[in-house]
Amino acid sequence: MLDIHDLRRDFTLKTLDEKQLPDNPLEAFEQWFKEAVEAQVYEPSAMNLATVDALGRSSLRVVLLKELKQGGFIFFSNYDSRKGKQLAGNPHCALNFVWHELERQVRIEGFAEKLSPEDSDNYFEVRPPKSKLGAWTSPQSEVIPGREYLEKLYADFEKQFAGKGVPRPENWGGYLVRPSLIEFWQGRSNRLHDRIQFRLENEMWTKERLAP
């Protein structure tokens with residue numbers, strides 16, 4: 001049995017001072033995201049998305065950040081998926097980015113709202129053709145009889161749209177997560193990590209340091 005207690009490492013790459021971050025946390029995030037891309041972090045746009053169902057039971061999965069605009073974080077999904085149904089019932093959610101190579105993470109709390117059909121159409125239009133067909137193929141989060149079922153659906157839609165443009169399915173589109181709290185975490189030695197939090201109150205951001 002692996003001794004998990006011995007799986008530990010010290011964090012010594014960087015430090016984080018309040019003055020290093022802009023007063024607007026979205027600008028700070030852009031700065032950190034750019035540094036993650038430049039450092040060739042593996043999947044820098046991957047983020048955990050946490051939602052809750054009607055009984056307060058939480059769910060967590062990884063989605064991809066596709067845009068940072070309109071005052072928030074944008075991702076795309078099937079509206080009939082488990083996360084789509086949970087967000088329809090309770091739009092409050094949380095995001096988390098982990099960039100191990102930089103010993104950093106960013107934690108976000110906020111609420112999700114659907115993008116306009118026009119914005120979802122614009123993004124869907126630039127997706128690769130096979131990804132467009134994938135959006136039609138998958139009844140996301142539903143139980144299916146086997147892999148062959150998906151492959152047959154994909155082949156059927158491939159024939160249906162052969163020689164034509166593939167339109168966006170009505171049950172597929174984008175979400176904008178508007179943040180109310182953003183925390184920047186920088187790993188430090190001896191577990192005395194740097195944590196700088198931004199809280200939104202009365203449409204103004206307050207910057208403060210948290211104990212590790």
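Laboratory data are not the source of any read-out in this text; all were calculated from the coordinates shown. Everything numeric here is computed off the predicted structure, so don't read it as measured data. With ideal geometry, Cβ positions are generated from the backbone for all residues, glycine too; neighbour counts draw on all protein chains shown.
Descriptive notes on the structure:
- Sorting the segments 193-205, 2-14 by their residues' average number of neighbouring beta-carbon atoms within 10 angstrom, most packed first, yields 193-205, 2-14.
- Which of 2, 93, 32, positive extreme of dipole for the chain (C-beta unit charges): 2
- Per-residue extension of 0.36 nm, minus the Cα-Cα distance of residue 204 and residue 189, leaves a gain of 2.2 nm for this segment.
- Choice from 186, 105, 40 with maximal GNM fluctuation in the chain (Cα, 10 Å cutoff): 40
- Separation of the alpha carbons by more than 28 angstrom is noted, of 114/152; 66/164; 85/132; 85/159; 34/114; 34/164, for 114/152; 85/159; 34/164.
- Packing, taken as the mean count of other beta carbons within 10 Å per residue, orders the peptides 71-84, 89-102 from highest to lowest as 71-84, 89-102.
- Cβ-Cβ distance of residue 171 and residue 62, R₀ of 30 Å, FRET efficiency by 1/(1 + (r/R0)^6): the value works out to about 0.90.
- The chain: angle of helix 147-160 to the longest principal axis, Cα-based, in degrees nearest 10: 60 degrees
- Placing +1 on each Lys and Arg Cβ and -1 on each Asp and Glu Cβ, with no other charges, gives region 1-117 a dipole about its Cα centre of roughly 540 debye.
- Think of each Lys and Arg Cβ as +1 and each Asp and Glu Cβ as -1; about the Cα centre, that makes the dipole of the chain roughly 360 debye.
- Cα-based convex hull volume of region 1-102 per residue, rounded to whole Å³: 176 Å³
- Charge dipole (Cα centre; +1 on Lys/Arg Cβ, -1 on Asp/Glu Cβ; no other charges) of region 64-144 amounts to roughly 180 debye.
- Equivalent ellipsoid dimensions for the chain as semi-axes, Å, which come from the Cα gyration tensor, largest first: 35, 21, 17
- Ranked by how many other Cβ atoms sit within 10 Å of their own Cβ, fewest first, the residues 66, 19 fall in the order 19, 66.
- Cut-off 9 Å between beta-carbons: net charge of the residues surrounding residue 199, Lys and Arg +1, Asp and Glu -1: -1
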